[in-house]
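I have placed the structure first, in the form of structure tokens, so that the comments after it can refer back to it.
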Amino acid sequence: MTLEEILSKDLLEKADIVRLLATQGEEMRLLLKKAMETKFARLDNHVHLRGLIEMSNVCRKSCLYCGVRSGNAKVERYTLTDDEVVECAKLAHKLGYGSVAIQSGERNDREFTDRITRILHRIKAIDNGALGITLSLGEQTPEVYRQWFEAGAHRYLLRIESSTEELYYKIHPHDERHDFHQRLACIDSLLDIGYQTGTGVMVGLPFQTLDNLADDLLFFKGKDVAMVGMGPYIPHPDTPLYQYADQIPSVEERMNLTLKMIAILRLMMPEINMVAATANQTIDPMGREKAIMAGANVIMPNLTPNEYREDYLIYPDKACVGDKPEECFSCLDIRMKAIGHDILYNAWGDSVAFTKKNEKNQYN
Ligand code: SAH
């Protein structure tokens with residue numbers, strides 16, 4: 001089959017996806033072009049913002065790739081106060097971002113989970129529920145997910161990290177805190193509760209094959225998720241996985257592979273929300289723009305108070321760590337206009353795929 005024939009298929013099969021992931025040069029350019037056309041046709045040139053609040057780097061887990069893993073004694077641990085989180089949300093509202101995303105290292109003690117509930121109520125009270133709220137707080141019980149949903153969170157991000165169990169255990173310890181099936185169960189529980197559920201993977205991990213990545217895309221489609229986040233893996237020197245840093249694809253290859261993943265998924269799931277992850281910009285100054293041009297439609301500008309950002313280095317040399325929120329704001333608008341995109345201000349920017357699915361369920 002020619003590339004054009006594959007690109008015009010309604011349903012991509014695994015062999016097609018692997019073939020598309022292997023494209024280079026002109027063929028890759030055609031794939032990205034087709035993805036951008038699909039995005040424009042289905043979602044227009046709109047970009048949605050989520051003001052990112054990195055609430056705490058205290059974490060009970062030890063993911064082998066992550067710079068803030070509990071085993072990394074070099075990290076200075078911090079936790080924002082309730083007031084600090086709410087202030088960030090107010091700033092997001094003032095800047096017209098429309099939504100916030102609260103991310104944190106994983107904690108599941110009652111003090112933490114109740115605190116989040118309190119914070120959610122306070123953010124919801126800003127201008128009568130003006131802000132959309134995404135959470136990214138790791139694995140929790142269905143009860144806790146439900147409690148947060150009822151308190152006003154309506155989107156949740158939990159990357160599967162790899163949908164291949166064998167690879168999952170090469171990048172995580174294999175114990176009761178890092179259990180592949182538990183992570184899957186959490187995603188199912190989020191979907192079941194009614195969150196706009198987002199998942200995703202890192203691209204260019206040691207041991208990861210094109211076959212694995214194709215399975216990841218089929219996994220997202222199979223779960224019919226509303227949002228996906230994918231970014232290049234960036235080796236962190238203070239983590240166990242760093243020992244394989246010489247065995248991964250080059251920076252350029254990881255960037256291109258990420259763009260191809262985004263583009264193929266845009267063809268497979270034309271109306272989901274897809275984020276242009278900060279990791280893209282970290283390995284390439286134009287990385288975020290490239291991801292948007294390949295089919296992503298969401299950006300998460302960082303709102304974490306600057307004094308804490310140096311301590312939320314899940315990977316080294318994270319982009320924009322020194323930028324002030326206001327600077328970030330005008331910079332983004334200009335950058336998006338330059339590539340023919342409009343940021344939609346003061347809107348929640350919900351996943352069109354999710355909204356349509358919900359409407360359909362209501363009338364059935
Ligand atoms: N504790 C939360 C948030 C994790 S940080 C949770 O478990 O969901 C968000 C994402 O950053 C992770 O899901 C992971 O995919 C990504 N990440 C972590 N370390 C990384 C690295 N070294 N390079 C690239 N991405 C990384």
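The values are calculated or read from the model by the stated rules, or taken from the named source; none is laboratory data. Fair warning: this is a prediction, and the values are worked out from it, not measured in the lab. Here Cβ is always computed from backbone atoms with ideal geometry, including for glycine, and neighbour counts include all displayed protein chains. These accessible areas exclude ligands, DNA and RNA; they are computed on the full protein's heavy atoms, side chains included. Shrake-Rupley method; radii C 1.70, N 1.55, O 1.52, S 1.80 Å.
A few remarks follow.
- If the condition is being among the polar types (S, T, N, Q) and touching a residue at least 12 places away in the same chain (Cβ under 8 Å), then the range 246-302 contributes Gln247, Asn256, Thr258, Asn273, Thr278, Asn280, Gln281, Thr282, Asn297, Asn302.
- The range 345-356, residues that are part of a helix (DSSP H, G or I) and under 21 Å from the mean Cα position of the chain (by Cα): Val352, Ala353, Phe354, Thr355
- A single member of Thr79, Thr141, Thr134 is closer than 30 Å to Cys331 by Cβ and open to solvent by 40 Å² or more (accessible area, probe 1.4 Å), and it is Thr79.
- Qualifying position, being more than 15 Å from the ligand (Cβ to nearest atom), farther than 30 Å from Pro206 by Cβ and among the charged types (D, E, K, R), among Glu166, Glu143: Glu143
- Test for Leu21: is it closer than 24 Å to Ala338 by Cα, open to solvent by less than 20 Å² (accessible area, probe 1.4 Å) and not small (Gly, Ala, Ser): no
- Of all residues making up the range 273-302, the number that are surrounded by fewer than 24 Cβ atoms within 10 Å (Cβ to Cβ) and not hydroxyl-bearing (Ser, Thr, Tyr): 11
- Restricting the range 154-182 to residues that are assigned to a loop (DSSP other than H, G, I, E, B) and polar (S, T, N, Q), the residue that is surrounded by the most Cβ atoms within 10 Å (Cβ to Cβ): Ser162
- Beta carbons closer than 7 Å, at least 6 apart along the sequence or on distinct chains, pair a first residue in the range 216-242 that is free of Cβ contacts under 8 Å to residues at least 24 places away in the same chain with a second that is crowded, with 21+ Cβ neighbours inside 10 Å and not in a helix (DSSP H, G or I) for Tyr242/His236.
- Where helices (runs of 4 or more DSSP H) sit wholly within the range 183-287, those with at least 1 residues that are closer than 22 Å to Leu11 by Cα, within 16 Å of the ligand (Cβ to nearest atom) and β-branched (Val, Ile, Thr) occupy 251-268.
- In the range 327-344, residue farthest from Met274 (Cα to Cα) [restricted to those that are part of a helix (DSSP H, G or I) and small (Gly, Ala, Ser)]: Ser330
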